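**Student:** Quick one: the structure is below, and I'll ask about it shortly.
Coordinate-derived values only; no laboratory data. Just so we're clear, the structure is a prediction, and the values are computed from it rather than from any experiment. Note: ideal-geometry Cβ built from the backbone for every residue, glycine included; neighbour counts use all protein chains shown.
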Amino acid sequence: MRILSLAGRRLAASIPTLVLILIGVFLLLQFAPGDTVDAMMAQMGGGDAATARELRRFYGLDLSVPAQLGNYLWRLIRLDLGFSSIYGKPVATVILERLPPTILLMTASLSFAFFFGLVFGVIAARQFNKWPDTLISTLGLIFYATPSFWFGLMAIVVFSIYLQWLPAGGFEDIGAVQSGVFRILDIARHLILPTLTLGLIFLAIYLRIMRASMLEVLNLDFVRTARAKGLDETRVVTRHVLRNAMLPMVTLIGLQAGTMLGGSVVVESVFSLPGLGRLAYESVIQRDLNTLLGIVFVSALLVIVVNFIVDLLYARLDPRISMEG
Amino acid sequence: MDAIKRYVRSPAAVLGLVLLLGIIAMAISAGHVYPRDPLALAGRPLIWPFSNPRFLLGTDNSGRDIAAQIFYGARISLLIGGAATLIAIAIGILVGALAGFYGGWVDTVLMRITEAFQTLPNFVLLLVLVAVFGSTLTTVTIAVGVVSWPAPARLTRAEFLSLRNREFVQAGRTLGMKDAQLILGEILPNALPPVIVYASVVMAVAILLESALAFLRLSDPNVASWGNLIGLGRDVLRVQWYVSAIPGIAILVTVLAVSLVGQGLNDALNPRLRGR
């Protein structure tokens, strides 16, 4: 219960941040060339100035900037993100449709990066300065330097074009209407390459952090005690070291949530996944500023939620946190 | 001197330095090796690498020399990466120094803003900035710098917090030094080394961000950039995959070189942390 209230307080503290972001980006978008009505007029194939004026009044765009901002924030409280003239739907609907692929992709990449980062980090630390350590650390450096979109393209060349093992893009086969388990398997097949592509750089970061943190914890007194008790090395690592060494990795999940969401913009474009990231890209290209602002709001919200979950996880792993209160 | 000796002793750090110098040499010599416009048509489109001695790395979809674009691309990557890093570090030091030195409400306000920048995914903010201000070389560079400053700011703030009550600062205070003198003359020189080492991380990320933007065709289309070329090569990925593959390797090597140099500097300046 204490943990929950602690994390809840941090969640409440992030509301001003969210408001700050919205005000900042809203004001920023005022400088953008063209507004929603311009985009709509272009969509309709042009129109006269009277229609434009009429539309601007209808959407409240003829008001002063502070009044518009107030209106926007007031609508946000009622979870109304405005209307996307490009998609002809409320922005909230458009975003909700695009959210599942992104969340799926992020969860999969995070699990992949976390699990293998942990395993490789432990192996590297256990074999400190021997060849497995050198190999893993070198691979980590190279993965870190690899541009994700390029890795994605090369993976498509190898696995989709030459070997023809995996699909080159899309979220599922549109041709075959499937249901149940087959549909899940189909989606999973489509997500393998995007997951690897997005997860690669995080794998590199996690394994480096895990290795450093393992080396640190392995030298602490309680590990020596555990060894002195006669525990075998595997027991020492799994029961004593791992839990403590994992703490920096868990912190990193929260810090990297935003980066991962940003990375999915690129990855979703490479693999033409109908996700939030691709929507962000499309709304920039199509000048759909209402949708762009909505995406800013939702992605900031997503980062805050991830951090909330990380807080809970952290408190479970390290009881000292909730004691300090 | 000791630090230089320690740096040279690490093979990885030396390799990074050699690679980086090589890329800088490419950037400087681009105009001499390929005096013609790298974006001008040079020959038949889609010549495979190593098949025509005139185009060592082949040509792209519209018959432009890939090798020339790689040389000129080095200029763009280093220019945008370097300038964006300078901007990010400058803003970061300013914000971090003020927040760490004054504390109190200044700290609260500045850290709230930093938090806001960190909560918003940096690539999404980059998209917003490009959507608003357009995608010329200058705006892209500034935009990449503007999304990269929070981490250096936090680092500078932490350094200032740990330094601001040390004896030498208090001595300065009793001597009647002004705040600006204390910040610039006393604390900053001591706070700078870790921030400079961190600049290599900022630069590596800045180069990756710019190339991703260029790949999405949201960066300046009128310059030869590696990311642009990868985006172009995507259209012919099925058969002529080398158009995308070659500039990607260039980006990889550049980012790797920058990270290796940064790590080497870090190890050389903090010998206690070696091997971590």
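**Student:** Of A:GLN127, A:LEU104, A:LEU301, whose Cα points farthest to the positive end of the dipole of chain A (charges on the beta-carbon: +1 Lys, Arg; -1 Asp, Glu; origin at the Cα centre)?
**Tutor:** Value: A:GLN127.
**Student:** Take peptide A:148-161, look around each residue's Cβ out to 10 angstrom, count Cβ atoms belonging to other protein chains, and average those counts. Kindly include the intermediate steps, with their values, before the conclusion.
**Tutor:** Details: counts 3, 13, 16, 2, 0, 10, 6, 0, 5, 7, 1, 0, 2, 4.
For this peptide, the per-residue mean of nearby foreign Cβ atoms is 5.
**Student:** Which helices of chain A meet both criteria: a Cα extent of 27 Å or more along the helical axis and a mean Kyte-Doolittle score no lower than -0.5, with helices taken as whole DSSP H segments?
**Tutor:** In chain A, the long hydrophobic H runs are A:2-29, A:91-126, A:180-218, A:247-270, A:289-317.
**Student:** Output the Cα-based Rg and Dmax of the range B:7-68 in Å, rounding Rg to one decimal and Dmax to a whole number.
**Tutor:** 15.5, 48
**Student:** Taking all pairs of different Cα atoms in the protein assembly as shown, averaging 1/r and flipping that mean, what Kirkwood radius in angstroms comes out?
**Tutor:** In the protein assembly as shown this quantity evaluates to 26.3 Å.
**Student:** State, in angstrom, two size descriptors of the range A:48-117 derived from its alpha carbons: Rg to one decimal place and Dmax to the nearest whole number.
**Tutor:** 18.7, 61
**Student:** Enumerate the residues in the range B:49-90 having an amide nitrogen under 16 Å from the point lying 7 Å beyond the Cα of A:ILE161 toward its Cβ.
**Tutor:** Only B:49, B:58-62 fall inside the zone, counting backbone N under 16 Å.
**Student:** Among A:ILE253, A:VAL270, A:LEU289, which residue has its Cα positioned farthest towards the positive end of the charge dipole of the range A:228-289, with +1 placed on the Cβ of Lys and Arg, -1 on the Cβ of Asp and Glu, and the dipole taken about the Cα centre?
**Tutor:** So the residue furthest toward the plus end is A:ILE253.
**Student:** Given N residues in chain B, what is Rg(Cα) / (2.2 N^0.38 Å)?
**Tutor:** 1.17
**Student:** Here's a follow-up. About its Cα centre, how strong a charge dipole does chain B have in debye, to the nearest 20, once Lys and Arg get +1 and Asp and Glu get -1 at the Cβ?
**Tutor:** I would put it at about 440 debye.
**Student:** In addition: Quick check on the range B:177-276: what are the equivalent-ellipsoid semi-axes from the Cα gyration tensor, as sqrt(5λ), descending, whole Å?
**Tutor:** Value: 39, 18, 7 Å, ordered largest first.
**Student:** Expressed in nm², what is the orientationally averaged projection area of the convex hull enclosing the Cα positions of the range A:178-258?
**Tutor:** So the Cα hull casts an average projection of 7.9 nm².
**Student:** Could you work out, residue by residue across A:254-263, how many beta carbons of other chains sit within 10 Å of that residue's beta carbon, and then give the average as an integer?
**Tutor:** Shielding by partners across A:254-263 averages 4.
**Student:** From Cα pairs below 8 angstrom and at least 6 apart in sequence, can you work out the relative contact order of chain B, rounded to a whole percent?
**Tutor:** 25 percent
**Student:** From the residues A:GLY82, A:PHE58, A:MET214, which one has its Cα farthest along the dipole of chain A in the positive direction, the dipole being from +1 and -1 charges on Cβ of Lys/Arg and Asp/Glu about the Cα centre?
**Tutor:** Projecting each Cα onto the dipole axis, the largest value belongs to A:MET214.
**Student:** Looking at chain A as a GNM with Cα springs under 10 Å, which of A:ALA108, A:ALA125, A:ALA49 has the largest mean-square fluctuation?
**Tutor:** Comparing A:ALA108, A:ALA125, A:ALA49 in a Gaussian network model of chain A, the most mobile one is A:ALA49.
**Student:** Moving on. Report relative contact order for chain A in percent, whole number only (criteria: Cα-Cα under 8 Å, sequence separation at least 6). Before the final figure, lay out each step's value.
**Tutor:** Details: 337 pairs, mean separation 89.3, N = 325.
The normalised contact order for chain A reaches 27 percent.
**Student:** Just checking the output field for B:206-215: average partner chain Cβ neighbours within 10 Å of each residue's Cβ?
**Tutor:** Mean partner shielding for this stretch: 4.
**Student:** Can I ask one more? Choose one answer from B:GLY145, B:GLY22, B:GLY104: the residue with the largest mean-square fluctuation in a GNM of chain B with alpha-carbon springs under 10 Å.
**Tutor:** B:GLY104
**Student:** Run lengths n ≥ 4 of DSSP H only: what is the helix-derived mean residue ellipticity at 222 nm for chain B, with -39500 (n - 2.57) per run over all residues, to the nearest 500?
**Tutor:** -23500 deg cm²/dmol
**Student:** If the convex hull of the alpha-carbon atoms of the range A:170-309 is projected onto planes in all directions, what is the mean projected area in square nanometres? Kindly include the intermediate steps, with their values, before the conclusion.
**Tutor:** Numbers: hull surface 47.3 nm².
Hull-based average projected area comes out at 11.8 nm².
**Student:** Which residues among the range B:80-98 fall inside the zone where the amide N is under 19 Å from a point 7 Å beyond the Cα of B:LEU269, along Cα→Cβ?
**Tutor:** The answer is B:82-98, whose backbone nitrogens lie closer than 19 Å to the label point.
**Student:** Can you pull the three principal axis extents for the Cα set of chain A, in Å, largest first?
**Tutor:** Computed over chain A, the largest-to-smallest principal extents equal 85, 56, 38 Å.
**Student:** So, one more: If I build a Gaussian network model for chain B, linking alpha-carbon pairs within less than 10 angstrom, which residue out of B:ARG166, B:ARG217, B:ARG64 has the largest mean-square fluctuation?
**Tutor:** Comparing B:ARG166, B:ARG217, B:ARG64 in the GNM, the peak value goes to B:ARG166.
**Student:** Turning to a different aspect of this structure: Please give the FRET efficiency for A:ARG243 paired with A:PHE58, using the beta carbon to beta carbon distance and R0 = 60 Å, rounded to the nearest 0.05.
**Tutor:** Taking R0 as 60 Å, the efficiency between A:ARG243 and A:PHE58 is 0.55.
**Student:** Kindly rank A:17-23, B:37-43, B:206-212, B:230-236 from highest to lowest mean number of other beta carbons found within 10 Å of each residue.
**Tutor:** B:206-212, B:230-236, A:17-23, B:37-43
**Student:** At 7 Å along the Cα-to-beta-carbon direction for both B:PHE168 and A:ILE15, put a label point, then send me their distance in nm to one decimal.
**Tutor:** 4.6 nm
**Student:** Hey, another quick one. Please find the FRET efficiency linking B:ASN190 to B:ASN52, where r is the Cβ-Cβ separation and R0 is fixed at 56 Å, and quote it to the nearest 0.05.
**Tutor:** Working: r = 57 Å, r/R0 = 1.01.
With R0 = 56 Å, the Cβ-Cβ based efficiency is 0.50.
**Student:** Another question about this same structure. Please report, in debye to the nearest 20, how large the charge dipole of chain A is about its Cα centre when each Lys and Arg carries +1 at its beta carbon and each Asp and Glu carries -1 there.
**Tutor:** For this selection, approximately 1140 debye.
**Student:** Working from the alpha-carbon coordinates of the range A:101-175, get Rg over Rh, Rh being the Kirkwood radius. Intermediate values should be presented prior to the final figure.
**Tutor:** Numbers: Rg = 15.9 Å, Rh = 14.7 Å.
That ratio equals 1.08.
**Student:** Let me spell out the model: positive unit charges on the Cβ of Lys and Arg, negative unit charges on the Cβ of Asp and Glu, origin at the Cα centre of the range A:19-106. What dipole size does that give, in debye rounded to 20?
**Tutor:** That gives the range A:19-106 a dipole magnitude of about 200 debye.
**Student:** Same structure again: Can you pull the three principal axis extents for the Cα set of the range B:1-129, in Å, largest first?
**Tutor:** Projected onto its principal axes, the Cα set of the range B:1-129 covers 66, 46, 22 Å.
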